[in-house]
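Notes to accompany the following structure.
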Amino acid sequence: MKNYLFMLCFFLFACKASENKITQEPNIQTNSNIVHEVQNLQQNIVSVATDSPKIAEIPVWIAKKDAYKPESDKKFKLFHTKLEVSFDWKKQYLYGTATLSINPYFYPQTEAIFDAKGFEILSVEMILDKNIRKLNYEYDSLKLKVFLEKPYNKNELINLKIRYIAKPNERKIGGSAAITSDKGLYFINPTNDEANKPQQIWTQGQTESSSCWFPTFDSPNIKTSQEIYITVDSDFQTLSNGKLISSKNNANGTRTDHWKQEKPHAPYLFMMAIGRYAVVKDKWKNLEVNYYVEPKYEKYAKDIFGNTPEMMTFFSDLLDFPFPWDKYSQVVVRDYVSGAMENTSASVFMENLQVDKRYLIDDHWDKIIAHELFHQWFGDLVTAESWANLPLNESFANYAEYLWVEYKYGESDAQELLRNEWYEYLDESTTKQEPMIRYHYKEKEDMFDRHSYSKGCLILNMLRKYVGDEAFFTALQKYLKKYQYKNAEIHDLRLVFEEVIGQDLNWFFDQWFLSAGHPKIAIEDSYENGEIILKIKQLQDTRYTPIYVLPLQISWVIGGKKINENIRITQKEEEFRFKVSQKPETFYFDAQKQLLGEIILENKGVEDNLAKFKYASNFLQKFDALENLKKDFDNEKVKALFIKTLDDKFAQIRNLSIQVFNEYAGQDQSQIAEKLKIMSKTDKNSTVRSTALNVLASFGNKYTNFFIETMPDSSYIVLMSSLYGYHNSGGADKILDFLPTYENLDYLPLVVTLADFYGYYKMPNKTDWFIQKINNQNGQPQVYIINYLGNYLLNQSADAKQKGCDFLEKMALSSKNFRLRIACFQAMTLQIEDLPKLKESLEKIRNKETDERALQAFKLFLGE
């Protein structure tokens, strides 16, 4: 499972190059400042060493323990699940028959209790050879208790047939930040009355929502084989786990597809997806690899997912375990409740992945694709026995993103990914610090946090650095082979690693997986009497966080030669001394940049940072040295270095170096400008080209016409920077002449760019364009554009206002997205002063509303 906070992702991507804004008025700008606030947070990790803070009250991040939640008891084994399903789109019902083959786990049983949420149970029967006997049962809308005819022992197989109707919309729905709904079964545009939205049915089983569409033992420590017969109208495609065995056309115009998976997996990994898809076929060795997308994106499917076969080879080789399932399909669905889901042999993805080839020039979706693919081993093949052990699934999947990026895109992208994982965990740690493996969570979905994902990824990287690559991957290979098609807990992983390396690892797993927090280390390094003296203090609050054992590599440079030394920190305060021939030119703590912790290290000034850059052995050492040098840009040596690094091999270094020249007014400005012009046209990286244009625009009105030359660039973000650059460097009076050329493009940040200009310049006759752009998007992107439409209408004619509000009213009354209804209502309230009759429309919307979140927002907008 991969959860994406789309708002943040959108802003980080749309504004990744630098600030894009209309500079005629200081208060008119895009949302890029949000990004820079995030970036500023990232740049303030290193500071001057201080003494340990005084221990005060209980920290805000201390976890509140709930009841102990162990692995679920297993009274039965579930051998096989056979499902037969059909649908009523109008009622949003699933008509199902489940045939379940079970037997007692160990002790004799007289009753079987199944998870079955929101059903109407029609019958429960036992199949005995050719005879069928009805059984008594009790049902309370959540659990189905079946009374068996007699006590059954562990050697007796029981075949039960349950007929039922699943009614997902008629039960109380929950949700969380990670998985916004637990409905399990979703009908999208069921009556086909939502414009520009396809009809679909799809499922989401994690955490325990598969029991919303079929009865089962809905727990991750259950494994079962499965088959499913799906009956749909003949023009729909279906997808489920395993192989498509047959497709049978029925006399009533429907078709029944039979999918079967013989290898066992957990019930939460069952899936269905139904829609009018284009199925783009690929392959890996002799296995089918298919991509299910909406027909509009058929020609881009291999651009989006096309690295999948190479990933399958890479991971299979790395793990010495070939891809373990019968096929691998990936499907994109509308209105998804998370980012993606690793259903066995058939991963589901949010609609944001449906992009054109031009989008992929600036960014790709490889990380989320790799994440879900790696789950096919870590999560599906070997499954965490309980949600408390979720890092055995998610930490490995996040680390797979790093492994793939390292292999495919190189060192700088991979190390940047790990740095971002650290920032994400660090941000969460200010309000929440918990053990990675935790049995006292309040809700299962609480486990789907930056601990299980980001922190776990970093812990695995530290483990790899400690044991070495050969031992690390040997242990993973043994772990998969030992627990394939079974469940595991964290100690199983530890024991495999111990078996491989022949050492105890309790100390590592205890402090990183079973304890809360992270180290906070103050470093003081000095040279005295032929010795490097390294003083280390662990400053974390030891009432709640352990004193860590930290094996690290340190380095220093003498006579241009880098010397590496391994140390092992074990105490709260510790001192290390190293005999050296002369004073080092510079010193690196955690030379491999792998420690998960806050490092407080004195910045020793320009010469030290210049040396750190000169002798850097990895991307992050170079990047951090440059970050520390930015404030010393007036120093001639520093300036010369930044000019030199405009040609660095790492795109992130080039991008950082460009940014220091923003509003540069030195005597060599024209030479710098010429360099930026060349980079904006020729650099391989579109972010670098975009940043070069943004900085060039800060040089005044000398290069206005140059931005016209870069508008045809194949990159969306370069186009956006060209438009803003042209406007902000003297082309404000002509910018509107260029915008119609791009009105037919639906790339959201570009749409927002045009909306920004149209609103700022009060451009008439663009209401229809706004409406078209809203209709061409879905979900949260529609909310963004509606916000712009509301502001745009403020300065338009009464007729334009009325037209826009009529559209917003219709959308507010028909949309099933409460956020969209809120946005429409707010945009309409802005026009009340000029359209008093809108009050009646707003009251109509409010009277129909049932979502308390929306009702509270309506009150706020009306000032009530």
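Order 608, 317 by their accessible area, 1.4 angstrom probe, all chains in place, largest first. Walk me through the numbers on the way to the answer.
On the way: 608 25, 317 105 Å².
Largest to smallest exposure gives the sequence 317, 608.
For the range 295-435, the square roots of the Cα gyration tensor eigenvalues, ordered a ≥ b ≥ c, give a/c below 1.5, which places it in the rounded category. Under 22 Å of direct C-alpha separation, and excluding same-chain neighbours fewer than eight residues apart, residue 408 reaches these lysines: 2, 16, 283, 285, 302, 357, 367, 465, 593, 622, 649, 684.
Using a 1.4 angstrom probe, figure out how much accessible area the chain has per residue, in square angstrom, rounded to the nearest whole.
42 Å²
Each part reduced to its alpha carbon centroid, the range 645-698 and the range 266-322 end up 39 Å apart.
If you wrap a convex hull around the alpha carbons of the range 191-301, what volume per residue comes out, as a whole number of Å³? Spell out each step's value before the answer.
Details: hull volume 15.8 nm³, N = 111.
Cα convex hull per residue, to the nearest whole number: 142 Å³.
Taking θ as phi - 60° and the Karplus parameters 6.51, -1.76 and 1.60, the scalar couplings of the range 316-328 work out to 4, 5, 4, 8, 6, 8, x, 2, x, 10, 6, 6, 9 Hz in sequence order, x denoting glycine and proline. Within straight-line reach of residue 579, meaning a Cα separation under 18 Å, sit the following aspartates and glutamates at least 8 residues removed in sequence or on another chain: 524, 525, 528, 531, 565. Rounded to 0.05, the FRET efficiency of the residue 734 and residue 580 pair, given R0 = 51 Å and the Cβ-Cβ distance, is 0.20. Taking each DSSP H run with n ≥ 4 as -39500 (n - 2.57) and averaging over every residue of the chain yields -10500 deg cm²/dmol at 222 nm.
For the range 715-807, applying the loop criterion from DSSP together with a ceiling of 16 other beta carbons within 10 Å to the trypsin sites (Lys or Arg not before Pro) yields 734, 762. Relative to the Cα centre, the charge distribution of the chain, modelled as +1 at Lys and Arg Cβ and -1 at Asp and Glu Cβ, gives a dipole magnitude of about 1500 debye. The spacing between the range 158-177 and the range 581-595, judged by their C-alpha centroids, is 59 Å.
In a fully extended conformation the segment linking residue 193 and residue 364 would gain 58.3 nm over its present Cα-Cα distance, using 0.36 nm per residue. Under 5 Å between amide hydrogens, built in the peptide plane, is the criterion, and for residue 241 it picks out 271 among residues at least 5 positions away or on other chains.
Residues with beta-carbon under 13 Å from that of residue 764, excluding residue 764: net charge, scoring Lys, Arg +1 and Asp, Glu -1? Net charge around residue 764: +2.
For residue 794, the shell of other residues with beta-carbons less than 10 Å away shows a net charge of 0, using +1 for Lys and Arg and -1 for Asp and Glu.
The distance between label points at residue 768 and residue 637 comes to 6.5 nm (points 7 Å beyond Cα on the Cα→Cβ vector).
Over the alpha-carbon set of the range 605-724, divide Rg by the Kirkwood Rh and report the Rg/Rh ratio to two decimals.
Working: Rg = 14.5 Å, Rh = 14.7 Å.
Rg divided by Rh gives 0.99.
Figure legend: label point modelled 7 angstrom from the Cα of residue 684 along Cα→Cβ; residues of the range 384-426 with amide N under 20 Å from it are 403-417. Converting phi to 3J(HN,Hα) with the Karplus coefficients 6.51, -1.76 and 1.60 and the offset θ = phi - 60°, the range 530-541 yields x, 10, 8, 10, 10, 9, 10, 10, 8, 9, 5, 6 Hz in sequence order, with x at every glycine or proline. Assuming charge only on the beta carbon of Lys and Arg (+1) and of Asp and Glu (-1), the dipole of the range 67-210 about its Cα centre is about 160 debye to the nearest 20. Shown here for the range 131-175: trypsin sites (Lys or Arg not before Pro) in loop regions (DSSP other than H, G, I, E, B) with at most 15 other Cβ atoms within 10 Å, namely 154, 172.
Report the extension gain between residue 439 and residue 531 in nm, rounded to one decimal, defined as 0.36 nm multiplied by the number of residues separating them, less their alpha carbon distance.
Details: separation 92, 0.36 × 92 = 33.12 nm, distance 4.79 nm.
In short, 28.3 nm is gained.
Remark: the chain is approximated by an ellipsoid whose semi-axes, taken from the C-alpha gyration tensor as √(5λ), come to 47, 40, 24 Å, largest first.
Note on residue 481 and residue 607: with the Förster distance fixed at 56 Å, the Cβ-Cβ geometry gives a FRET efficiency of about 0.60. 3J(HN,Hα) along the range 456-468: x, 4, 5, 5, 4, 5, 5, 4, 4, 5, 6, 8, x Hz, from the Karplus curve 6.51 cos²θ - 1.76 cosθ + 1.60 with θ = phi - 60°, whole Hz, x for Gly and Pro.
The distance between label points at residue 67 and residue 714 comes to 5.9 nm (points 7 Å beyond Cα on the Cα→Cβ vector).
From most to least packed by mean Cβ count within 10 Å, the peptides 654-667, 187-200, 619-632, 261-274 give 261-274, 619-632, 654-667, 187-200. Based on the alpha-carbon gyration tensor of the range 160-215 and its eigenvalue square roots a ≥ b ≥ c, which shape applies: rounded if a/c is under 1.5, prolate if not and a/b is larger than b/c, or oblate? Because a/c hits 1.5 or more and a/b fails to exceed b/c, the range 160-215 counts as oblate. Taking 0.36 nm per residue of separation and subtracting the Cα-Cα distance, full extension of the segment from residue 627 to residue 283 would add 119.4 nm.
Residues whose amide H falls under 5 Å from that of residue 485, counting only those 5 or more places apart or on a different chain, are 382, with hydrogens built in the peptide plane.
Assuming R0 = 22 Å, can you tell me the calculated FRET efficiency for the pair residue 136 and residue 170, based on Cβ-Cβ distance, to the nearest 0.05?
On the way: r = 25 Å, r/R0 = 1.12.
According to the calculation, E is roughly 0.35.
Taking the Cα centroid of the range 601-640 and of the range 390-450, what is the distance between the two, rounded to the nearest whole Å? Cα centroid to Cα centroid, the span is 29 Å.
Leaving out ligands, DNA and RNA, what percent of the accessible area of the chain is carbon and sulfur, probe 1.4 Å? Don't jump to the answer; show the numbers that get you there.
Details: 17520 of 36490 Å².
Of all accessible area on the chain, carbon and sulfur atoms account for 48 percent.
If a/c stays under 1.5 just call it rounded; otherwise compare a/b with b/c (prolate if a/b is bigger, oblate if not). Do that for the range 384-527, with a ≥ b ≥ c from the square roots of the Cα gyration tensor eigenvalues. Rounded, since a/c falls under 1.5.
Distant-in-sequence amide contacts of residue 290, defined by a placed amide H-H separation under 5 Å and a gap of 5 or more residues or a different chain, comprise 282, 328, 329, 330.
How large is the dipole of the range 707-864 about the Cα centre if only Lys and Arg carry +1 and Asp and Glu carry -1, each at its Cβ, rounded to the nearest 20 debye? Before the final figure, lay out the partial values.
Numbers: 17 positive and 19 negative charges, 114 e Å.
That gives a dipole near 540 debye.
Rolling a 1.4 Å probe over the protein chains gives residue 647 an accessible area of about 100 Å².
Within the assembled protein chains, the solvent-accessible surface assigned to residue 234 is about 70 Å², based on a 1.4 Å probe.
The values are calculated or read from the model by the stated rules, or taken from the named source; none is laboratory data. Everything quoted here is computed from the prediction, not taken from an experiment. Don't worry about glycine lacking a Cβ; one is built from the backbone with ideal geometry, like all the others, and counts go over all protein chains shown. The accessibility values were calculated without ligands, DNA or RNA, using every heavy atom of the protein model including side chains. Shrake-Rupley method; radii C 1.70, N 1.55, O 1.52, S 1.80 Å.
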